[in-house]
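Could you have a look at this structure, given as structure tokens, before my questions?
The values are calculated or read from the model by the stated rules, or taken from the named source; none is laboratory data. Everything numeric in this text was worked out from a predicted model, so none of it was measured. We place every Cβ from the backbone using ideal geometry, glycine too, and count neighbours over all the protein chains shown.
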Protein chains: 2
Amino acid sequence: MHLRKSFMALMAVASLNAWAEFKALPPVPPIPVDNPQTPAKIELGKQLYFDPRISADGSISCNSCHNVMSHGGDGRPVGAGIHGKRGGRGSPTVWNSAYHTVQFWDGREASLEGQAKGPMTNPVEMGMANHDIVIGRIKQIPGYVEAFKKVFPKDKEINIDNVAKAIASYERTLITPNSPFDKYMRGNKKAMTAQQIRGMKLVDEIGCTSCHTGVNFAGDGLKMGEGNYQPFPQIPGSKYDKQYDLTSDLGRYEVTKKAEDKNHWRVPTWRNIALTAPYFHNGKVQTLDEAVRVMAKTQLDMDLTETQVADIVAFMNALTGEFPKQTMPMLPHTVGTTLTPDP
Amino acid sequence: MHLRKSFMALMAVASLNAWAEFKALPPVPPIPVDNPQTPAKIELGKQLYFDPRISADGSISCNSCHNVMSHGGDGRPVGAGIHGKRGGRGSPTVWNSAYHTVQFWDGREASLEGQAKGPMTNPVEMGMANHDIVIGRIKQIPGYVEAFKKVFPKDKEINIDNVAKAIASYERTLITPNSPFDKYMRGNKKAMTAQQIRGMKLVDEIGCTSCHTGVNFAGDGLKMGEGNYQPFPQIPGSKYDKQYDLTSDLGRYEVTKKAEDKNHWRVPTWRNIALTAPYFHNGKVQTLDEAVRVMAKTQLDMDLTETQVADIVAFMNALTGEFPKQTMPMLPHTVGTTLTPDP
């Protein structure tokens, strides 16, 4: 009895600490000192983000898999690249990705700039053989040549680092503030329903917030480039491992080749999670309530009641932010020819 | 000599008549009486136009092949649908398609409403098994249910005809006015360069305008639903037939199965033609100057000089209009689940 009381007391303290890590979304994400935001750079980045000409056959843009007219992903289990090729993992949402300290499911890039370069040359995504070919395409589009001169006046030639900088600058504008949770955290206690508040307390009490903390619910107090990697499943052996193929992709291990990184993943954000089904790195789980059940079992060895699941899902719905209106970019034209003959 | 003089006089008259058929783009395209434009309908149509959830695997929207952030096509030889499947023909531009009296390369649909339904169930495009499945998806998205009630208050259920009406309404806003040619036709004689004016006269003199007439350079005086079908090649047997595979697709014959329709095609628009490479139904010709050479040879049996080609291309550049700024639609969200599990 004494032991149990001590344990409860300890849990209460832990819980209190975790509570302190619930945070509203800051209005501006971290901006790297070597890539300040400018309106012209953001506009250039938006054009590049939507431009399918930087894929091998001209059919795939960044927006194809990370759709900013929607929840910032593609709503599909795994990405679909050129010629319908399928990737092995789902497309993480680009919304609020600027708050992440590392990028990709396995955290293999430390910045949005680093991330932006990856899909262009991934054979199952945009499929360009190398970045020189990307640059060669861009150089054939007069409107881009002019825009790069204006945005990066010190650089004589268009280069892939500047392409990535422009795209990352645009992505840093993709913020969804003012979710019910954010309003609640800023003092409007009516912004969340009673059920949502129950769900918020519950995720904290049962321990979800030991990983899902901070402004993006993906880790707190981390520096840019520093990842919050966690095992998933934490407790292997549940029925879900096989049902949803949770262990065959080794995650961060594929980056580091260290045994201790097997099945480790960057903690994904909870923001707008109600909109970004299907769930997990392989998109095998189609609904949010099932995702909650799977996580409780595989990470905390808990079988939640249906009421608990509903409360947590209600809280997660309180994490849906406001999506700003945007103007469409007009892509600078290729005149009199095509850059994308079919291979 | 007498005969030749008569012929020249006849040609001058013919030319004069053709000249009369050069027309500036009217600010508003024809609107069907049973589908009046309303702001709410246009906005709903824009959402549907950009929504990949109405394709089988959630990867393809109307905008994937008819990109309104660019020239309204995809800049590729033929369209790329779900799972990277390739169509047999290029994606015609959606810009100014509202002025066309028939739709598709072979004119098989009389209206934009009719056209809009086709790609959804085309197995190499959006790949839905039937329209009921399209409607079933849309009904699962609460934002659409609400919007359809508002836009089509008399119809209890969402139906495919209303889906098509909304999309067509949006497409009727996709107009590019104020090309140099349009300004010239409205009286600004400085709007075109001397070379562009030479090119304009040349296309008329050599006979291009016997087919490429009217506001959209695709036929004049036609009623909606009435097509201007022409043989291509008009004069088979040139080197281009084989080089660009001009005869294997039988065009309008595939619709009517009438022998006289073999290799007949709807006359395509010249508007924004400098931006919509590659050219012809199969996209085999990559540049505009080559397209001009091919047309002169296959349709008029003429070998143009390089100066003539350059003048005509210059005129065609004068047909590039102004693309209006648009706001991005925000797609109504699917909450807590995915509608597009991979088949």
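Looking only at segment B:110-143, which residues are of a type in the set (S, T, N, Q) and in contact with a Leu (Cβ under 8 Å, 6 or more places away or on another chain)? Give the steps one after another, and end with the answer.
From segment B:110-143, those of a type in the set (S, T, N, Q) are B:111, B:115, B:121-122, B:130, B:140; that's our starting set.
The one that is of a type in the set (S, T, N, Q) and in contact with a Leu (Cβ under 8 Å, 6 or more places away or on another chain): B:Gln140.
Let me ask another. From the set of residues in segment B:153-187 that are over 24 Å from B:Ala314 (Cα atoms) and of a type in the set (Lys, Arg), which is modelled with the lowest pLDDT?
Only one residue fits best here, namely B:Lys156.
Out of B:Thr287, B:Thr276, I need the residue that is farther than 17 Å from B:Gly199 by Cβ and of a type in the set (S, T, N, Q). Which one? Walk me through how you get there before you give the answer.
Values: B:Thr287 fails: farther than 17 Å from B:Gly199 by Cβ.
When all the criteria are applied, what remains is B:Thr276.
Okay, residues lined up against (1) in the same structural domain as B:Glu306 (by TED's automatic domain parsing); (2) in contact (Cβ under 8 Å) with a residue 12 or more places away in the chain; (3) touching a Gly at 6+ places or on another chain (Cβ under 8 Å); (4) not in a loop (DSSP other than H, G, I, E, B):
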{"residue": "B:Lys242", "(1), (2), (3), (4)": "yes, no, no, yes"}
{"residue": "B:Trp265", "(1), (2), (3), (4)": "yes, yes, yes, yes"}
{"residue": "B:Gly283", "(1), (2), (3), (4)": "yes, yes, yes, no"}
{"residue": "B:Glu290", "(1), (2), (3), (4)": "yes, no, no, yes"}
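Kindly provide the set of residues from segment B:194-215 that are farther than 9 Å from B:Phe315 by Cβ, surrounded by fewer than 18 Cβ atoms within 10 Å (Cβ to Cβ) and not hydrophobic (A, V, I, L, M, F, W, C), ordered by number.
Scanning segment B:194-215 gives B:Glu205, B:Gly207, B:Ser210.
Go through the residues of segment B:215-236 one by one and say whether even a single one is closer than 29 Å to B:Arg108 by Cα, of a type in the set (Ser, Thr, Tyr) and in a loop (DSSP other than H, G, I, E, B). Step through it out loud before you land on a result.
We begin by selecting, within segment B:215-236, every residue closer than 29 Å to B:Arg108 by Cα; these are B:215-236.
Subsequent filtering for residues that are of a type in the set (Ser, Thr, Tyr) retains B:229.
After this cut, where a residue has to be in a loop (DSSP other than H, G, I, E, B) as well, the list is none.
For segment B:215-236, residues closer than 29 Å to B:Arg108 by Cα, of a type in the set (Ser, Thr, Tyr) and in a loop (DSSP other than H, G, I, E, B): absent.
I've got another one for you. When you check A:Arg53 against the structure, is it closer than 22 Å to A:Asn282 by Cβ, touching a residue at least 24 places away in the same chain (Cβ under 8 Å) and surrounded by 19 or more Cβ atoms within 10 Å (Cβ to Cβ), yes or no? Can you show your working first?
Numbers: closer than 22 Å to A:Asn282 by Cβ: no; touching a residue at least 24 places away in the same chain (Cβ under 8 Å): yes; surrounded by 19 or more Cβ atoms within 10 Å (Cβ to Cβ): yes.
So A:Arg53 does not fit the description; no.
Let me ask another. Consider segment A:85-124. How many of its residues are within 14 Å of the chain's Cα centre (by Cα) and part of a loop (DSSP other than H, G, I, E, B)?
18
May I ask you to list the residues in segment A:292-310 that are among the aliphatic types (A, V, I, L, M) and either in a helix (DSSP H, G or I) or more than 17 Å from A:Asp204 (Cα to Cα) (or both)? Walk me through it before giving the result.
As a first pass, look at segment A:292-310 and keep what is among the aliphatic types (A, V, I, L, M): A:292, A:294-296, A:300, A:302, A:304, A:309-310.
A:Val292, A:Val294, A:Met295, A:Ala296, A:Leu300, A:Val309, A:Ala310 - these are the residues of segment A:292-310 that are among the aliphatic types (A, V, I, L, M) and either in a helix (DSSP H, G or I) or more than 17 Å from A:Asp204 (Cα to Cα) (or both).
Okay, moving on. Tell me which of these B:Ala98 doesn't satisfy, since it passes every other one: (1) in contact with a helix residue (DSSP H, G or I) (Cβ under 8 Å, 6 or more places away or on another chain); (2) within 21 Å of B:Asp249 (Cβ to Cβ); (3) surrounded by fewer than 23 Cβ atoms within 10 Å (Cβ to Cβ); (4) hydrophobic (A, V, I, L, M, F, W, C).
B:Ala98 satisfies all of (1) in contact with a helix residue (DSSP H, G or I) (Cβ under 8 Å, 6 or more places away or on another chain); (2) within 21 Å of B:Asp249 (Cβ to Cβ); (3) surrounded by fewer than 23 Cβ atoms within 10 Å (Cβ to Cβ); (4) hydrophobic (A, V, I, L, M, F, W, C) except (2).
Quick check, is B:Asp342 in contact with a strand residue (DSSP E or B) (Cβ under 9 Å, 6 or more places away or on another chain) and either at pLDDT below 95 or more than 8 Å from chain A (Cβ to nearest Cβ) (or both)? Quick ask: steps written out before the conclusion?
Values: in contact with a strand residue (DSSP E or B) (Cβ under 9 Å, 6 or more places away or on another chain): yes; either at pLDDT below 95 or more than 8 Å from chain A (Cβ to nearest Cβ) (or both): yes.
So B:Asp342 passes the test.
Going through segment B:274-285 one residue at a time, which ones are within 7 Å of chain A (Cβ to nearest Cβ) and buried (at least 23 other Cβ atoms within 10 Å of the Cβ)? Walk me through it before giving the result.
Of segment B:274-285, the ones within 7 Å of chain A (Cβ to nearest Cβ) are B:274-275, B:277-278.
B:Leu275, B:Ala277, B:Pro278 - these are the residues of segment B:274-285 that are within 7 Å of chain A (Cβ to nearest Cβ) and buried (at least 23 other Cβ atoms within 10 Å of the Cβ).
Taking A:Met120 and the conditions (1) away from chain B (no Cβ under 13 Å); (2) under 25 Å from B:Lys325 (Cα atoms); (3) surrounded by 20 or more Cβ atoms within 10 Å (Cβ to Cβ), which numbered condition does it fall short on, given that it satisfies the others?
In the conditions (1) away from chain B (no Cβ under 13 Å); (2) under 25 Å from B:Lys325 (Cα atoms); (3) surrounded by 20 or more Cβ atoms within 10 Å (Cβ to Cβ), A:Met120 misses (2) alone.
Would you pick out the residues in segment B:56-93 that are in contact with a Gly (Cβ under 7 Å, 6 or more places away or on another chain), surrounded by 24 or more Cβ atoms within 10 Å (Cβ to Cβ), among the small types (Gly, Ala, Ser) and within 7 Å of chain A (Cβ to nearest Cβ)?
Within segment B:56-93, B:Gly58, B:Gly75 meet the criteria.
Kindly provide the set of residues from segment A:321-337 that are within 11 Å of another protein chain (Cβ to nearest Cβ) and under 18 Å from the mean Cα position of the chain (by Cα), ordered by number.
The answer is A:Glu322, A:Phe323, A:Pro324.
Which residue out of A:Ala129, A:Ala191, A:Ala147, A:Ala164 is of a type in the set (A, V, I, L, M, F, W, C), buried (at least 16 other Cβ atoms within 10 Å of the Cβ) and under 27 Å from A:Arg89 (Cα atoms)?
Values: A:Ala129 fails: buried (at least 16 other Cβ atoms within 10 Å of the Cβ); A:Ala191 fails: under 27 Å from A:Arg89 (Cα atoms); A:Ala147 fails: under 27 Å from A:Arg89 (Cα atoms).
Selected residue: A:Ala164, the only one of A:Ala129, A:Ala191, A:Ala147, A:Ala164 that is of a type in the set (A, V, I, L, M, F, W, C), buried (at least 16 other Cβ atoms within 10 Å of the Cβ) and under 27 Å from A:Arg89 (Cα atoms).
All but one of (1) touching a residue at least 24 places away in the same chain (Cβ under 8 Å); (2) surrounded by fewer than 22 Cβ atoms within 10 Å (Cβ to Cβ) hold for A:Leu331; which doesn't?
With (1) touching a residue at least 24 places away in the same chain (Cβ under 8 Å); (2) surrounded by fewer than 22 Cβ atoms within 10 Å (Cβ to Cβ) applied to A:Leu331, the lone miss is (2).
Any idea which of A:Ala291, A:Ala296, A:Ala310, A:Ala318 is surrounded by fewer than 17 Cβ atoms within 10 Å (Cβ to Cβ), more than 7 Å from every other protein chain (Cβ to nearest Cβ) and of a type in the set (Gly, Ala, Ser)? Outline the logic, then answer.
Numbers: A:Ala291 fails: surrounded by fewer than 17 Cβ atoms within 10 Å (Cβ to Cβ); A:Ala296 fails: surrounded by fewer than 17 Cβ atoms within 10 Å (Cβ to Cβ); A:Ala318 fails: surrounded by fewer than 17 Cβ atoms within 10 Å (Cβ to Cβ).
Only one candidate qualifies: A:Ala310.
Still on this model: Which number in (1) over 30 Å from A:Ile175 (Cα atoms); (2) in contact (Cβ under 8 Å) with a residue 12 or more places away in the chain; (3) in the same structural domain as A:Asp289 (by TED's automatic domain parsing); (4) β-branched (Val, Ile, Thr) marks the one condition that A:Val309 misses?
All conditions are met except number (1).
Let's see how each residue does on (1) surrounded by fewer than 21 Cβ atoms within 10 Å (Cβ to Cβ); (2) at positive phi; (3) within 14 Å of chain A (Cβ to nearest Cβ); (4) at pLDDT 95 or above:
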{"site": "B:Gln230", "(1), (2), (3), (4)": "yes, no, no, yes"}
{"site": "B:Ile235", "(1), (2), (3), (4)": "yes, no, no, yes"}
{"site": "B:Gln243", "(1), (2), (3), (4)": "yes, no, no, yes"}
{"site": "B:Thr247", "(1), (2), (3), (4)": "yes, no, no, yes"}
{"site": "B:Gly251", "(1), (2), (3), (4)": "no, yes, no, yes"}
{"site": "B:Ala259", "(1), (2), (3), (4)": "yes, no, no, yes"}
{"site": "B:Asn263", "(1), (2), (3), (4)": "yes, yes, no, yes"}
{"site": "B:Asn272", "(1), (2), (3), (4)": "no, yes, yes, yes"}
{"site": "B:Thr287", "(1), (2), (3), (4)": "yes, no, yes, yes"}
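On to the next question. Do you know which of the residues in segment B:33-55 that are in a helix (DSSP H, G or I) and within 9 Å of chain A (Cβ to nearest Cβ) is farthest from B:Asn130 (Cα to Cα)?
Here is the first cut: in segment B:33-55, the ones in a helix (DSSP H, G or I) are B:39-49, B:52-54.
Restricting the remaining residues to those that are within 9 Å of chain A (Cβ to nearest Cβ) gives B:47, B:52-53.
Values: B:Gln47: 20, B:Pro52: 16, B:Arg53: 14 Å.
So the residue we want is B:Gln47.
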